[in-house]
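Note sheet for the following structure.
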Amino acid sequence: MQSDSPLKPLSVMSIVGARPQFVKLAPVAKAFSDRGIRHIIVHTGQHYDEAMSDVFFADLSIPAPDVHLGVGSGSHGVQTGGILAALDPIMEEYRPDWVLVYGDTNTTVAGALAAVKLHIRVAHLESGLRSYNRRMPEEHNRVLTDHAADLLLAPTEVAISHLAEEGLADRALLVGDVMTDVCYLVRDSILASPQVSQWTSPVATGLPYLVATIHRAENTDDPERLGNIISALKDLPADVVLLTHPRLKARAESFGIELSGSSLHAADPLPYPSMVAAVLGSVGVVTDSGGLQKEAFLLKRPCTTLRTETEWVETLTDGWNVLDPDLSRVRSIAVRPAPITPQQAPYGDGTAAQAVAQALIDHAAHA
Ligand code: UD1
């Protein structure tokens, strides 16, 4: 049963605010619309640049947010607390059957906390990922959100096993990865386009290129670490297109680090379809982004990850993704042939958002 009354559809409030959450929201919004779920979208404003926010709503056909909190940037406490305080009256006004939070950002943990305190059921999408690195702000956000939420929507078997280890198996459900839904859809529309042969490097040198992104606090906030990473990128044996997150741009400017030079070309962040096209046109990816590691895997491009660990451990299979935290191998492995062994499908078949909609219907308090 979908609701306690045929006149009152199940209502779900999505709380989003940062770039990867807009990508996850796209297939979920479509699945909710297909199933007649009333969907209230709240944008916290954690990301606010057009290239980090509006462009994703437009390109991925996401309905405009019902509410925009406009919280913006700040220290963790200011940002998380600002979102938490601003959500109270919104949640009181709408009183949804579910609050749905996505991933591991400050928006996620604030959304979950606001809902539990108002006794509104919370579902956590992309639940159960762990880096076990307590220096990452995202790790606290994930763990706290999982322990606060009523329904844990896990993308992989590994995520389910993490939740079981923490005593959360009763609330956990394997739904697959919604980013895979979007990635496959966008990939297929790109490959079906007659212009496909025109997709070359976003900096148009016409040479084989790597796509690079660096945005994690642990890589950007220390001048020596960031300087070493940029030097290593400048030393790679192919053109490197560095898509610059605002955090990277701000830190590099304040440390006096030049982001272009030699074979390294800094460029603005790309909209999602252009990002998928750029990866498809590349010979590989160098990144510290979780989402991009997975997209490289799904699009069958070798990835080198400049971190000590990955939450998406399945990407490491057969060397599709290789971790190089100390930058000792990146020069020799960034341009390498793709593995020849066939890939499994650890992230599902592109129908995870439908499973999310079904789970929220099945587990509603009045189901
Ligand atoms: C956040 C998430 C991270 C996620 C990333 C995706 C947290 C703790 N981190 O990191 O998990 O991988 O989003 O992008 O929630 N800025 C702008 N314009 C914007 C947004 C940010 O200029 O639209 C700049 C500001 O200087 C800001 C800095 O980027 O202080 C960092 O932004 P913030 O939202 O705090 O964290 P991200 O690094 O984006």
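If segment 245-367 were replaced by its equivalent ellipsoid, with semi-axes equal to the square roots of 5 times the Cα gyration tensor eigenvalues, what would those be, largest first, whole Å?
31, 20, 14
At 222 nm, what value in deg cm²/dmol follows for the chain if DSSP H runs of at least 4 each add -39500 (n - 2.57) and the sum is divided by all its residues, to the nearest 500?
The helix contribution divided over the chain gives -12000 deg cm²/dmol.
Distance in nm between label sites at LEU207 and PHE255, each 7 Å beyond Cα in the beta-carbon direction?
A separation of 2.5 nm, rounded to one decimal place.
Using only alpha-carbon positions, what ratio does the radius of gyration of the chain give when scaled by 2.2 N^0.38 Å?
On the way: Rg = 20.2 Å, N = 367, 2.2 N^0.38 = 20.7 Å.
Rounded to two decimals, the normalised Rg is 0.97.
Give a residue-ordered list of calculated ³J(HN,Hα) values for segment 342-351 (Karplus: 6.51 cos²θ - 1.76 cosθ + 1.60, θ = phi - 60°; whole Hz; x for Gly, Pro).
x, 7, 7, 10, x, 9, x, 10, x, 10
Please identify, among ALA345, ALA114, ALA277, the residue showing maximal mean-square fluctuation in a Gaussian network model of the chain using a 10 angstrom Cα cutoff.
Result: ALA345 has the largest fluctuation of those listed.
State, as an integer percentage, the relative contact order of the chain based on alpha-carbon contacts under 8 Å between residues 6 or more apart.
It comes to 17 percent, rounded to a whole number.
Sort 229-238, 120-129 by packing, meaning the average of other beta carbons within 10 Å per residue, with the highest value first.
Per-residue mean Cβ counts within 10 Å order the peptides as 120-129, 229-238.
Taking the Cα atoms only, what angle lies between the long axis of helix 76-94 and the longest principal axis of the chain, rounded to 10 degrees?
Helix 76-94 sits at roughly 40 degrees to that axis.
Relative to the longest principal Cα axis of the chain, at what angle does helix 246-255 sit, 0 to 90 degrees, rounded to 10?
Once rounded, the angle reads 50 degrees.
Find how much the distance from ASP235 to GLU309 grows on full extension, using 0.36 nm per residue of separation minus their present alpha carbon separation; answer in nm with one decimal.
Values: separation 74, 0.36 × 74 = 26.64 nm, distance 2.33 nm.
Length difference between fully extended and current span is 24.3 nm.
Using R₀ = 41 Å, calculate the FRET efficiency as 1/(1 + (r/R₀)^6) where r is the Cβ-Cβ separation of LEU327 and SER193; round to 0.05.
0.65
Checking the cross-link filter: which aspartates and glutamates have an alpha carbon closer than 19 Å to that of LYS8, excluding same-chain neighbours under 8 positions apart?
Within the straight-line limit of under 19 Å, LYS8 reaches these aspartates and glutamates: ASP34, ASP66, GLU92, GLU93, ASP97, ASP362.
Spin-label point model (7 Å from Cα, Cβ direction): what's the ASP222 to HIS140 distance in nm?
Here the answer is 1.8 nm between the modelled labels.
Calculate how steeply helix 352-362 sits against the longest principal axis of the alpha-carbon atoms of the chain, using the helix alpha-carbon long axis, and give the answer as 0 to 90 degrees to the nearest 10.
Once rounded, one gets 20 degrees.
Could you please rank VAL143, VAL211, placing first whichever residue has the fewest other Cβ atoms within 10 Å of its Cβ?
Taking fewest neighbouring Cβ atoms as first place, the list is VAL143, VAL211.
Sorted from fewest to most neighbouring beta carbons within 10 Å, what does the list LEU173, LEU100 look like?
The order, fewest Cβ neighbours first, is LEU173, LEU100.
Check cross-link reach from LYS24 to the lysines: straight Cα distance under 18 Å, and skip same-chain residues fewer than eight apart.
The reachable lysines, counting only those whose Cα sits under 18 Å from LYS24, are LYS294.
State the Kirkwood hydrodynamic radius of segment 299-367 in Å, one decimal place, computed from all pairs of distinct Cα atoms. Intermediate results must be reported in sequence, preceding the final value.
On the way: mean 1/r = 0.0681 Å⁻¹.
When all Cα pairs of segment 299-367 are included, the Kirkwood radius is 14.7 Å.
Throughout, read-outs are computed from the coordinates displayed, never taken from laboratory work. Remember, predicted model here, so these are calculated numbers, not experimental data. For neighbour counting, all protein chains shown are included, and Cβ atoms are generated from backbone atoms with ideal geometry for every residue, glycine included.
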